[in-house]
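The values are calculated or read from the model by the stated rules, or taken from the named source; none is laboratory data. What you see is a predicted model, and the numbers here were worked out from it, not measured in a lab. Virtual Cβ from ideal backbone geometry, glycine too; neighbours counted across all protein chains shown. To get the accessible areas, we keep the full protein, side chains included, count just its heavy atoms, and leave off ligands, DNA and RNA. Shrake-Rupley method; radii C 1.70, N 1.55, O 1.52, S 1.80 Å.
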Amino acid sequence: MNIPNILTLARIAFIPLLVVLFYLPFKWSMSAAAIFFALAAVTDWLDGYLARRWNQSTPFGAFLDPVADKLMVAVALALMIERFDTWLLTLPALVIIGREIVISALREWMAEMGKRGAVAVSWIGKLKTTLQMAAILVLLGFPPGHLMANLGIVTLYAAALLTLWSMIQYLKAAWPHLSREM
């Protein structure tokens, strides 16, 4: 166990606390949930940075980090779907969650074939993650109808478009390997 892996595990432990903060019946609970989500998002960046900087990358960390990211984003998006209660937010949220499931399964399959490198994370994926985190942070922090919440929805759509683009890129990269296995 090293510090980057501990940060990743902490991000997973943050998820139930985020949900509790989200549902607390206090005026400050949404702001607290947004701050808490921001801290979790910072650990996403920090664990990767420290693992590379201190040469502490591990197979466990490489496996767990994307799982923690996807869990955190999926739970936060589910909370936002409930909070905003509109197809306008539900549509991009479901696109993002669905893509994460497809790409996780694709990576698993490619890893079993010894071709995980064919679906390595790209800069598009990193930008998508940044936009997702920013959108969720804004949507947690501002109520439906607020100008900033509308900006958060626009950012979520940008993230959903990048999500689809990156999924297509991953599928194209994997297709030669997958078509041989069919």
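Computed from Cα atoms, the angle from the helix 147-181 axis to the main principal axis of the chain rounds to 20 degrees. How would the chain be classified by its alpha-carbon gyration tensor: rounded, prolate or oblate, with rounded meaning a/c under 1.5 and the a/b versus b/c comparison settling the rest? Oblate, since a/c reaches 1.5 and b/c is not below a/b.
Calculated FRET efficiency, residue 171 to residue 94, Cβ-Cβ distance, R0 = 22 Å: about 0.75 to the nearest 0.05.
For the chain, the longest principal axis of the C-alpha atoms and the axis of helix 59-84 are separated by about 30°.
On the beta carbon distance between residue 2 and residue 146, with R0 = 45 Å, the FRET formula returns roughly 0.65.
If you only keep lysine pairs separated by 8 or more in sequence, or across chains, how many in the chain come under 19 Å at the Cα atoms?
Total qualifying Lys-Lys pairs in the chain comes to 5.
Could you work out how much longer the chain between residue 105 and residue 122 gets when fully extended? Use 0.36 nm per residue separation minus the Cα distance between them, nm to one decimal. If you can, show how the numbers build up before the last one.
Working: separation 17, 0.36 × 17 = 6.12 nm, distance 1.70 nm.
Fully extending the segment from residue 105 to residue 122 adds 4.4 nm.
Of the solvent-accessible surface of the chain, computed with a 1.4 Å probe and all protein chains present, 72% belongs to carbon and sulfur. Length gained on full extension, residue 180 to residue 60, computed as 0.36 nm times the residue gap minus the Cα-Cα distance: 40.3 nm.
Going by the alpha-carbon gyration tensor, a ≥ b ≥ c the square roots of its eigenvalues, is the range 27-129 rounded (a/c under 1.5) or, if a/c is not under 1.5, prolate (a/b greater than b/c) versus oblate? Judged from the Cα gyration tensor, the range 27-129 comes out oblate (a/c at least 1.5, b/c at or above a/b). Accessible area per residue for the chain, computed on protein heavy atoms with a 1.4 Å probe, is 54 Å².
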